[in-house]
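Undergrad: Sharing a structure, written as structure tokens. Questions coming.
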Amino acid sequence: MDAAEFRKRGKEMVDYVADYLEKIEKRQVFPDVEPGYLRPLIADCAPQDPESFEAVFKDIEKIIMPGVTHWHSPYFFAYFPAASSFPALLADMLCGGIGCVGFSWAASPACTELETVMLDWLGKMVNLPEEFLAGKDGQGGGVIQGSASEATLIALLAARTKTIRQVQSEKPELTETEIMGRLVAYASDQAHSSVERAALIGAVKIKNVPSDDTFSVCGSALRKVLDEDKAAGFIPFFFCATLGTTPCCSFDKLLELGPICNKENIWMHIDAAYAGSAFICPEFRHLLNGVEFADSFNFNPHKWLLVNFDCSAMWVKKRSDLIGAFKLEPLYLQHHHQESGLVTDYRHWQIPLGRRFRSLKLWFVLRMYGVKGLQEHIRKHVRLSHQFEHLVLQDERFEICAEVVLGLVCFRLKGSNELNEALLKSINDAKKIHLVPCHLREKFVLRFAICSRTVESTHIKFAWQHISQLATVLLKTWEQNHHQQ
């Protein structure tokens with residue numbers, strides 16, 4: 001394919017993507033395929049001779065689309081939102097076109113410098129304390145990671161290195177292995193599984209701190225676990241606080257937890273993967289109060305800020321803590337500006353060496369929506385979640401299982417877990433809308449997350465009518481079966 005054909009095909013692909021997104025609600029949200037559906041549809045091995053673009057293009061609808069779950073459909077209410085917008089898609093094209101691998105400043109100065117400035121823009125939008133911003137000569141700063149899971153792992157590894165060095169300076173007789181065996185990380189029993197995974201990769205123990213009636217961790221619960229572990233000779237070194245937990249969007253009590261972590265010299269990382277985007281709205285910013293006690297903070301613009309995957313924003317108070325943990329300087333990666341103090345080499349802030357020009361997506365979206373446009377997007381989703389909550393509350397067969405703060409509603413039929421499992425199965429089997437469940441304590445709960453950029457009030461009403469009708473049918477058969485027993 002030469003440049004002339006690329007121009008022609010590029011326009012065709014843009015039209016195809018625009019049509020796909022414009023007409024997405026006509027597609028069934030969840031695919032009708034069985035595992036292994038794709039292999040019989042394509043050849044056993046790659047073609048020896050080149051095929052035409054037309055042949056490949058024709059196969060998109062035939063082979064790919066039948067197996068796609070349409071995350072951007074207004075009938076998709078599962079997981080959390082996956083952001084997408086036309087400015088972000090255009091920026092991603094440019095990123096692919098430039099194709100640089102921006103591991104250091106010298107590898108592509110614009111790639112590094114735009115990222116530093118965009119993370120400062122974003123940090124100011126959520127009113128982060130000054131220490132987290134790079135500014136002209138700050139100690140902190142932001143970086144784009146691939147996901148919140150990556151950000152948690154990076155924070156845990158940096159905390160581990162920092163603690164080992166500290167303990168060794170105080171007790172030189174202890175080996176690194178001995179210290180590692182005594183390190184303990186902590187997170188809420190509602191925290192995302194990626195926190196446990198980070199501890200697994202970091203080869204350290206992790207303990208769950210029990211959450212309260214609102215599914216939040218409070219200071220006294222953390223204090224209790226820390227005192228027990230210290231008495232047993234362990235070294236607490238890392239606590240991951242969650243703002244907007246995955247099961248029910250609950251918020252750990254930062255103002256109680258932060259001072260404890262600071263006093264005990266424990267690295268506090270805040271995972272606000274989904275909820276963080278909402279902090280650009282002044283009415284939700286109080287949910288971030290206490291961030292001033294944290295060492296690192298992360299949220300995903302690729303969830304709720306109209307920047308498509310992957311774009312996970314992470315800030316640290318002291319970038320030397322990250323660089324200290326990951327810095328290696330082989331000659332082939334060195335460059336003559338690296339000691340200037342004005343230069344950031346992001347390879348020291350992350351696990352992979354290579355990185356894409358992801359800040360272009362932020363730059364396009366922040367400029368073309370403006371803070372006000374993005375605030376309106378968040379507020380609309382929150383309004384829609386309260387609309388759904390209101391519909392649920394009007395039906396005495398159902399209950400709401402956790403406070404609705406942002407765009408997630410946790411609800412269920414009053415009754416057994418089996419009944420609710422049957423309801424979810426009938427919802428997802430019908431394939432008109434898509435939901436996923438969670439467990440809150442012992443209860444099987446349905447999660448209804450407002451996800452799509454194009455979702456409107458009519459889609460919420462449709463979803464509720466659909467759920468309500470399926471519940472009516474289910475309850476009838478359920479009662480009949482129970483009478484027969």
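Undergrad: Under a 1.4 angstrom probe, counting protein chains only, how are Lys380, Lys414 ranked by accessible area, largest first? Write out the running numbers ahead of the final one.
TA: Working: Lys380 40, Lys414 110 Å².
Correct descending sequence by accessible area is Lys414, Lys380.
Undergrad: Given the whole protein assembly as supplied and a 1.4 Å probe, what does the accessible area of Arg441 come to in Å², nearest 10?
TA: 110
Undergrad: Using a 1.4 Å probe and counting only protein heavy atoms, arrange Leu393, Leu288 so the residue with the most accessible area comes first.
TA: On the way: Leu393 110, Leu288 0 Å².
Final ranking, largest accessible area leading: Leu393, Leu288.
Undergrad: Given the rule -39500 (n - 2.57) for each run of at least 4 DSSP H residues, summed and divided by the residues of the chain, what is its mean residue ellipticity at 222 nm, to the nearest 500 deg cm²/dmol?
TA: On the way: 14 runs with 208 residues, N = 485.
That calculation yields -14000 deg cm²/dmol at 222 nm.
Undergrad: Then there is this: Please work out the C-alpha center-to-center distance from the stretch 137-187 to the stretch 20-99 and express it in whole Å.
TA: 39
Undergrad: While we're looking at this one, here's another question. Ignoring ligands, DNA and RNA, what accessible area per residue does the chain give at 1.4 Å, in Å²? Show your work: numbers first, answer last.
TA: On the way: 23060 Å² over 485 residues.
Roughly 48 Å² per residue, with all protein chains present.
Undergrad: Using a 1.4 Å probe on the protein chains only, how many percent of the accessible area of the stretch 372-485 belongs to carbon and sulfur?
TA: On the way: 2900 of 5520 Å².
Result for the stretch 372-485: 53 percent of the exposed heavy-atom area is carbon or sulfur.
Undergrad: Antiparallel DSSP bridges in the chain: what percent, to the nearest 5?
TA: On the way: 22 of 41 bridges.
Of those bridges, close to 55 percent are antiparallel.
Undergrad: While we're on this one: Based only on Cα atoms, what Rg/Rh ratio does the chain have, Rh being taken as Kirkwood's radius? If you can, show how the numbers build up before the last one.
TA: Values: Rg = 24.6 Å, Rh = 24.7 Å.
Rounded to two decimals, Rg over Rh is 1.00.
Undergrad: Let me ask something else. By how many nm would the segment from Lys224 to Gln465 lengthen if fully extended, with 0.36 nm per residue of separation less the alpha-carbon distance?
TA: Details: separation 241, 0.36 × 241 = 86.76 nm, distance 4.64 nm.
So the chain would gain 82.1 nm between Lys224 and Gln465.
Undergrad: Would you tell me the accessible area of Ile266, worked out with a 1.4 angstrom probe on the heavy atoms of the protein chains, in Å² to the nearest 10?
TA: Accessible area, nearest 10 Å²: 10 Å².
Undergrad: Right, here's the next one. Output the direction-averaged projected area (hull surface divided by four) of the convex hull of the alpha-carbon atoms of the stretch 100-356, in nm².
TA: Details: hull surface 55.8 nm².
Dividing the Cα hull surface by four gives the mean projection, 14.0 nm².
Undergrad: Let me ask something additional. What trypsin sites (Lys or Arg not before Pro) in the stretch 131-173 are in a loop by DSSP, with at most 13 other Cβ atoms within 10 Å of the Cβ?
TA: In loop regions of the stretch 131-173 (DSSP not H, G, I, E or B), the sparsely surrounded trypsin sites (Lys or Arg not before Pro) are Lys136.
Undergrad: At 1.4 Å probe size, with the rest of the protein present, what percent of the exposed accessible area of the stretch 100-356 is carbon and sulfur atoms?
TA: On the way: 5800 of 10320 Å².
Heavy-atom surface of the stretch 100-356 belonging to carbon and sulfur, 1.4 Å probe: 56 percent.
Undergrad: Take the cross-link list Lys124/Lys207; Lys8/Lys62; Lys263/Lys317 and give me the ones stretching past 27 Å between alpha-carbons.
TA: Correct reply: Lys124/Lys207.
Undergrad: Keeping all protein chains in position, work out how much accessible area Thr112 exposes to a 1.4 Å probe, and write it in Å² to the nearest 10.
TA: 0
Undergrad: Roll a 1.4 angstrom probe over the protein heavy atoms and tell me the percent of accessible area of the stretch 3-82 that is carbon or sulfur. Mind dumping the intermediate values first?
TA: Numbers: 3320 of 5590 Å².
Of all accessible area on the stretch 3-82, carbon and sulfur atoms account for 59 percent.
Undergrad: I need the fraction of alpha carbon pairs in the stretch 372-483 separated by more than 16 Å, rounded to a whole percent. Let's see the in-between values first.
TA: Values: 3672 of 6216 pairs.
Cα-Cα pairs of the stretch 372-483 separated by over 16 Å account for 59 percent.
Undergrad: Accessible area, 1.4 Å probe, largest first: how do Lys23, Lys124, Lys317 sort?
TA: Working: Lys23 105, Lys124 135, Lys317 40 Å².
Order by accessible area, largest first: Lys124, Lys23, Lys317.
Undergrad: Karplus couplings for the stretch 7-20 from phi (6.51 cos²θ - 1.76 cosθ + 1.60, θ = phi - 60°), rounded to Hz, Gly and Pro as x?
TA: Result, rounded to whole Hz: 4, 5, 5, x, 5, 4, 5, 4, 4, 4, 5, 4, 4, 4.
Undergrad: Also, quick follow-up: With r defined as the distance between the Cβ atoms of Ile60 and Ala3 and R0 fixed at 25 Å, what FRET efficiency is calculated, to the nearest 0.05? Show your work: numbers first, answer last.
TA: On the way: r = 23 Å, r/R0 = 0.91.
E(calc), rounded to 0.05, equals 0.65.
Undergrad: Moving to a separate point now. Residue-wise, which Karplus ³J(HN,Hα) couplings in Hz belong to the stretch 108-122, taking 6.51 cos²θ - 1.76 cosθ + 1.60, θ = phi - 60°, and x for glycine or proline?
TA: Karplus-based 3J(HN,Hα) across the stretch 108-122 equals 4, x, 5, 4, 6, 5, 5, 4, 4, 6, 5, 5, 5, 4, 5 Hz.
The values are calculated or read from the model by the stated rules, or taken from the named source; none is laboratory data. Note that the structure is predicted; figures quoted are calculated from it, not measured. As a convention, Cβ positions derive from the backbone with ideal geometry for all residues, glycine included, and neighbour counts pool all protein chains shown. Each accessible area value is taken on the protein alone, full model and side chains, heavy atoms only, with ligands, DNA and RNA left out. Shrake-Rupley method; radii C 1.70, N 1.55, O 1.52, S 1.80 Å.
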